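Visitor: Supplied in structure tokens, the structure appears directly below.
Every number in this text was worked out from the coordinates using simple rules, so none of it is lab data. The structure displayed is predicted, hence computed values, not measured ones. Neighbour counts are summed over all protein chains in view; Cβ atoms, including those assigned to glycine, are modelled from backbone coordinates with ideal geometry.
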Amino acid sequence: MTEQKDIKQEIVITGFGGQGIVLAGRILGEAVVLGDHRQSTLVQSYGPEARGGACSAEVMISDEPIQYPYVRHPDILICMSQSGYDKFIEQLKPEGTLIIDHDLVKPRGIDRTFFSIPCTRMAEELGRVMMANIVMLGFFTAITKAVSLESARNAVLESVPKGTEETNTAAFNKGHDYGLAVLKGREKKATGKAGA
Amino acid sequence: MTGDVACAEGGLAAGCLFFGGYPITPATEVAERMSERLPEIGGTFIQMEDEIAAMASIVGASCAGVKSMTATSGPGFSLMMENIGLAICTETPCVVANVQRAGPSTGLPTQGAQADMMQARWGSHGHYEIIALAPSSPQEIFYQTITAFNLSEKYRLPVLVMTDEMIGHLSERVIIPDAKDIKTVSRTRPKGRKDRFKPYRPGPDGIAPMAIAGEGYNIHMTGLTHDERGYPVMTVEAQYEMMDRIMKKVRQNLDDIIETEGYRLDDAEIVIVSYGVSSRTCLAAVDEARELGIKAGFLKLITVWPFPEDLIHRLAERVKGFVTVEINLGQIHLEVERCTAGKAPAFLVGHPGGTIIPPERVIDLLKEAF
């Protein structure tokens, strides 16, 4: 067995062009590298598609240098579109974590637990549907702990347009709080079951 | 940062002050970065009308004494070939980055390949020597672009940075050292009487000192075969003399130019040869092969041209075979096969382009062939 420290995580974020999928991947990678001082790579699907087309970002996180930066079997799959879900769900590891926006994705044909958040609706309520990716990042950070809270929050601040720092931080926090609440709910349920 | 941005930063770190380009996917971000950065440091960025002119502009800028570069992809690289030949013949230092995409022709503009490797070697007409490097990460693009400038200044020839869409668009950590820790080389300048200067008379190292056009030295530059004065001379003897110089400055300095890297190569029975983005496939494949008990090692070509002929030849004496991994259907594979001289079999894991090669394909071939 290798030491506990050498944890490698393969993450796919998928959705439509225009949802900020690649930006979410970039923020995550920068948080990991510049904030947590670990290794990360980002490969973005790159094609002629513009707004509305299929889009994905592949992020690797590791303590060791990353040799092969392409995701083969994701540990974490974040889906913000049905087509993205359909494309990648087969590749997700059996013990992997699935995260979806349940207003946009129906997780059909699987028998596994998953985490969901209505991040697009929440971003709309905050006044900007464009911030759905930031809400999702907050949720992701709470659920997976793949990146530290402080690093993720700082990376969001570094990456968003000037003048929108406050609203984006609010979006991130909203997603993060939602994530913590979901985890707490699950814990309660689990202990409840064990006690019964 | 992405590989494309790191390429631009490497150029700047090497002292590049002129970028002449024409935008093309997936190399546009190199030009984009240069267009932002060069004006900040007193350099010049110019978008020319096409790649033929872009290449001409960097040859001209270099003759005027400024380190210059351009960046392009397959279709633009084809257009640049004529003036790359001019830079070879006039012995003008400059750097061309080719962020390779899948061809032929327009091909898959947004998807990568490594299929311009032979074009890099032989794409311009006539016989010549060239230097081409192949980075496998954004950090390597940064350093290799600096190396490309240093070699081009030292040996007075165009140097090619043969990267690919995957590395160009890969975001990864890039550490940029302090300027004082970066070694840069500039062309040797002439001394002595300006009216007696012969622009192509080689120095003791076989390379002619280069004067800046306009500083007073006699200069004549032409793509015609020329003598030491740079004047056209249409004789076989002049051709012999000129060719001898442009060939020897590379052939007699192979040890200085060629750079390779080995990974688990010391006890390897099978040598996997690769370069650029495919190196990353091979690093993963070697580890997986070793776990299966296959004694594989990896030879990474940092310099692809000139090709490390002697190294392959020597390895062929002791190993069971070679596997070349590249995103084309057999280019560097042909070189490996040639250099083994029949002493060990050479196999190819190739791909027509558009995506990277997964390590599984290398493992499958290793199991099947050895």
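Visitor: Could you work out how far helix B:74-90 tilts from the main Cα principal axis of chain B, as a 0 to 90 degree angle to the nearest 10?
Guide: Approximately 50 degrees, to the nearest ten.
Visitor: Ok, one more. If one computes P(r) from the Cα atoms of segment B:3-181, what percent of pairs lie at distances over 23 Å?
Guide: Across segment B:3-181, Cα pairs with separations above 23 Å total 30 percent.
Visitor: For chain B, restrict the atom set to alpha-carbon positions and state the Rg and Dmax in Å.
Guide: My reading of the Cα-based Rg and Dmax gives 20.7, 69 Å.
Visitor: Here's a follow-up. If the only charges are +1 at each Lys and Arg Cβ and -1 at each Asp and Glu Cβ, what is the size of the charge dipole of the protein assembly as shown around the Cα centre, to the nearest 20 debye?
Guide: Approximately 380 debye in magnitude.
Visitor: Please rank A:Lys162, B:Lys320, fewest neighbouring Cβ atoms within 10 Å first, as an exposure proxy.
Guide: Least crowded to most crowded, the residues run A:Lys162, B:Lys320.
Visitor: Please compute the net charge surrounding B:Gly276, taking Lys and Arg as +1 and Asp and Glu as -1 over other residues with Cβ under 12 Å from its Cβ.
Guide: Within the 12 Å Cβ shell, the charges total -3.
Visitor: Give the order of B:Trp122, B:Trp305 when sorted by the count of other beta carbons within 10 angstrom, beginning with the fewest.
Guide: With the sparsest Cβ surroundings first, the list reads B:Trp122, B:Trp305.
Visitor: Could you please tell me the mean projected area of the C-alpha convex hull for segment B:260-369, averaged over all directions and given in square nanometres to one decimal?
Guide: Average projection, Cα convex hull of segment B:260-369: 5.9 nm².
Visitor: Next question, about the same structure. May I ask for the Kirkwood hydrodynamic radius of segment B:208-253, worked out over all distinct Cα pairs and given in angstroms to one decimal?
Guide: Here the Kirkwood hydrodynamic radius works out to 11.7 Å.
Visitor: Here's a follow-up. On a 0 to 90° scale, report how tilted helix B:278-291 is relative to the longest principal axis of chain B, with both axes built from alpha carbons and the result rounded to the nearest 10.
Guide: Between helix and principal axis, roughly 30 degrees.
Visitor: Two-decimal Rg/Rh of the protein assembly as shown from alpha-carbon positions, Kirkwood Rh?
Guide: The Rg/Rh ratio comes out at 1.03.
Visitor: What does the convex hull of the Cα atoms of chain A come to per residue, in Å³, rounded to a whole number?
Guide: Enclosed volume per residue, from the Cα hull, is 137 Å³.
Visitor: While we're here: With n ≥ 4 as the cut-off for DSSP H runs, can you work out [θ] at 222 nm for the protein assembly as shown, using -39500 (n - 2.57) per run divided by the number of residues, rounded to the nearest 500?
Guide: Value at 222 nm, helices only, nearest 500: -12000 deg cm²/dmol.
Visitor: Kirkwood Rh, segment B:294-336, all Cα pairs: how many Å?
Guide: 11.4
Visitor: If you average the C-alpha positions of segment B:147-221 and of segment A:143-195 separately, how far apart do those two centres end up, in angstrom?
Guide: Rounded to whole Å, the Cα centres lie 52 Å apart.
Visitor: Straight-line reach from B:Lys154: which aspartates and glutamates have a Cα under 18 Å away, not including same-chain ones fewer than 8 places off?
Guide: Filter leaves B:Glu91, B:Glu129, B:Asp205, B:Asp244, B:Asp255, B:Asp256, B:Glu259.
Visitor: So if I take the alpha carbon set of segment B:63-129, get Rg, then get Rh from the Kirkwood formula, what is the Rg over Rh ratio?
Guide: For segment B:63-129, the value is 1.00.
Visitor: Starting from the Kirkwood radius over alpha-carbon pairs of segment A:101-196, derive D by Stokes-Einstein at 10 °C in a medium of 1.306 mPa s and give it in µm² s⁻¹.
Guide: 111
Visitor: What ranking do B:Asp4, A:Asp111, B:Asp195, A:Asp103 get, fewest neighbouring Cβ atoms within 10 angstrom at the top?
Guide: Fewest-to-most ranking of B:Asp4, A:Asp111, B:Asp195, A:Asp103: A:Asp111, B:Asp195, A:Asp103, B:Asp4.
Visitor: Still on this structure: Under 27 Å from the Cα of B:Lys295, which lysines turn up, not counting those fewer than eight places away in the same chain?
Guide: A:Lys8, B:Lys320, B:Lys343, B:Lys367
Visitor: Another one. Across the Cα atoms of segment B:92-166, what radius of gyration and what greatest pairwise Cα-Cα distance (Dmax) are found, in Å?
Guide: Values for segment B:92-166 (Cα only, Rg and Dmax): 12.7, 36 Å.
Visitor: With N residues in segment B:1-102, what two-decimal value do you get for its Cα radius of gyration over 2.2 N^0.38 Å?
Guide: Normalised Rg, Cα atoms only: 0.95.
Visitor: Now a separate question. Roughly how big is segment A:1-155's charge dipole about its Cα centre, with Cβ charges of +1 (Lys, Arg) and -1 (Asp, Glu), in debye to the nearest 20?
Guide: 260
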